[in-house]
Amino acid sequence: MATEEFPLPTEFSPETAQLLRPDIDEFRRQAHEVVEWMAEYLGRVGELRVQPDLAPGSIRLRLPVTPPEDPEPMAAILADFRTVIMPGMTHWNHPGFFGFFPANTSPPSILAEMLTATLGAQCMSWSTSPAATELEQVTMEWLAWMLKLPEGFTGVIQDTASAATLVALVTARDRFTKFEAPHRVEDLTVYTSPEANSSVAKDARLAGFPPERIRFVETDEGFAMRPDLLAEMMAEDREAGLVPAAVVATAGTTSSAAVDPLPEICRICATAGPLKPWVHVDAAFAGSAAILPEMRWILEGVDGADSLVFNPHKWLLVNFDCSAYFVRDVPALLRSFSASAHYLAAPHQGVVPDYRDWGIPLGRRFRALKLWFVLRRYGVKVLQAMLREHIRLGELLAAWVDESPAFERLATARFGLVCFRHHPSGEDDAAALDARNERLVNSLNASGKILLTPTRLGGKYSLRLSIGHLTTSEAEVRRAWDLIVETAGRI
Ligand SMILES: *Cc1c(COP(=O)(O)O)cnc(C)c1O
C-alpha cells in the first residue's frame, strides 16, 4: 500500500487519515496470522530453549536507536518480533520451566486478554464499564467461595501481590496515624519473617514505616515464623513506647513454601494493644492450593486476619497480571485510597463500587474477564485436580531426592516446591557445597532444557524446583531429575 512505502508529509494528509482509520479487513488477516503463530508457539514451546543464552545488551544492539519516522508494514514488525524479540524470551510456558513460581497462562485466559485488549476499556469506575465492575464483584465472590474464606472478606483485583501488600500496609498505617489513633509513623512497627517475600519490606518502606521499625521475626527449623518470638518482640517494642501496627504473615514462602502459624499470630495480635495490629496474609503463590479441602489448613486462622492476597496469575491459569486482594474493613481501605475530582463524579457513586478507590492506580484493566473465562472453562474440579497433581509430583520428586544418597532435601516439599542440594558423601565443607551447587544450577540452566532458580535456606545454597505449569507431567519431572543427577555427576 502506498502509505507504507512512501514518506508521509507531517501534516494531516489524506494518506495519514487513511492509515489511522483501522482497515478492518487487513486487521482480520493480520489477527488470523497472529493467532496462527500463537497456536504454533503453544504447541512447540517445549522444543525451545527455556531461557536464551545471551550477553546483556545483545537484543538492544539489533534494534534501531530512534523510532521510525514513517509507517512500517505490519509484516516487517511481525518478522522482527519473530527474529529479534523471540530469541530473547524466557519461556515461562515451557514444561521445563521450574524457576521462581509458575506464571501460568492458558488458552481461555489468552482469549480473554485478546478481548480485553480489543475492548480497550478503562475500568476505573462502575460507569466506565459497568460489566467490568460487576464481573469483578462476582469473580471475587467465586474465589472467596473457592477458598472457603469466612464471611466478611470483600475481594478486589490488584495487579500484583506486592501492590496488594502495599495497599494493606498503607491502610494499616493510616488506621494508626490518622483515623483510629493519632500515633506518629516513626513510632509504628511492622513484623514479618526473614523468609517473607522481598516485596514485603519494600512495601513497608514505601508505606512510610521507618526501615529500622521493620522487625524480622526469626523462623523455626521449618522456615515458619516463630510466634513466641513475635510475642516477645511486640512486648519489647510496646515497652519501649512503640506501637505494633502490622504483621505480614506468609502462607507459602517464596524460598521454601513455609506456612507461618496464622492462628497463633492472630491470637497474639488480638491482645497486642488497644488497637489490634493489622494482620495481612501473603499467600501469593500457595493461596491457590486452599481450593483443595486437604490444603485449606494453610488459611486456618484467616478469620483473625484483616487482609489476604493470592495470585490467580501464578497457579490458577490466569495470565499475569491478576492478583486477588481480600479485605475485611472496606471503609478503612476507602478512607486511605479514595480520591474524588469533578471529572470523576457520577450519579451512581456510593451505590456500586468504584474500584479506582480500592487501590493505587486510577486506571484499571478489565482483569476479571480472563479470570471468569478460566474459572468457567476449567471449573473448580479441573483446577483442583491439576493442583493435586502438581503437589503429588512435588512429593514424588522429594521421594527421589530422599532415595538418592548424593542428594539432600533442605525443606519439606509443599505445593509442588522441592528444595534440595547435591551433597556427595564425604564433602562437608560448607563453602565447597555451596560452590558445587551453584555450578550445578548454572550448568543446568545453560543446557536450555530446564530452568531452576536457586535460593538459600539456613545459609545453605539450595536448588529449588517449582512444579506448577499446566502442561508439566510426571515424564517432564522425571526428565528434569535425570538431568540433575547426570549433570551433578559430571561436575
Ligand atoms: C510471587 C510472590 C510475591 C510477589 O508477587 P507479585 O504478584 O509478583 O507482586 C509476593 N509474595 C509471595 C509469597 C510470592 O510468592
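The values are calculated or read from the model by the stated rules, or taken from the named source; none is laboratory data. As the structure is a computational prediction, the values presented were derived from the model and not from experiment. Glycine also receives a Cβ, built like all others from the backbone with ideal geometry; neighbour counts cover every protein chain displayed. Note: accessible area is taken over every heavy atom of the protein model, side chains too, but ligands, DNA and RNA are not part of it. Shrake-Rupley method; radii C 1.70, N 1.55, O 1.52, S 1.80 Å.
Here are the numbers for this structure:
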| quantity | calculated |
| --- | --- |
| For the range 225-240, 3J(HN,Hα) per residue [Karplus equation, 6.51 cos²θ - 1.76 cosθ + 1.60, θ = phi - 60°, Hz, x = Gly/Pro] | 4, 8, x, 4, 6, 4, 4, 5, 5, 5, 5, 4, 5, 4, 4, 7 |
| Most to least packed among 127-135, 29-37 [average Cβ atoms within 10 Å] | 127-135, 29-37 |
| Computed E for residue 38/residue 388 - FRET, C-beta separation, R0 30 angstrom, nearest 0.05 | 0.55 |
| Two-decimal ratio, the chain, of alpha-carbon radius of gyration to 2.2 N^0.38 Å | 1.08 |
| Summed residue charge, Cβ within 11 Å of residue 157's Cβ, Lys/Arg positive, Asp/Glu negative | +1 |
| Å² of accessible area per residue within the range 112-375, as computed with a 1.4 Å probe and no ligands counted | 39 Å² |
| Simple label model, 7 Å out from Cα along Cβ direction - residue 435 to residue 131, nm | 6.2 nm |
| Residue 117-residue 351 pseudo-label distance in nm [points 7 Å out on the Cα-to-Cβ vector] | 3.6 nm |
| Partner aspartates and glutamates for residue 370 [C-alpha distance under 18 Å; skip if fewer than 8 residues away on the same chain] | 113, 134, 136, 141, 159, 321 |
| Residue 47 paired with residue 343, simple spin-label distance in nm, labels 7 Å along Cα-to-beta-carbon | 5.1 nm |
| Net charge, residue 423 excluded, C-beta distance under 13 Å - Lys, Arg +1, Asp, Glu -1 | -2 |
| Whole-angstrom gap from the range 201-216 to the range 98-169, using each part's C-alpha centre | 27 Å |
| Environment charge of residue 299, counting only residues whose C-beta is closer than 15 Å and scoring Lys/Arg +1, Asp/Glu -1 | -4 |
| Accessible surface of residue 105 - all protein chains present, 1.4 Å probe, nearest 10 Å² | 20 Å² |
| Cα gyration tensor, the range 112-375 - rounded (a/c under 1.5), prolate or oblate | oblate |
| GluC sites (Glu not before Pro) within the range 186-274, DSSP loop, no more than 13 other Cβ atoms inside 10 Å | 218, 221 |
| Carbon/sulfur fraction of accessible area - the chain, other protein chains in place, 1.4 Å, % | 58 percent |
| Long-range amide H partners of residue 279 with built H, under 5 Å | 247, 306, 307 |
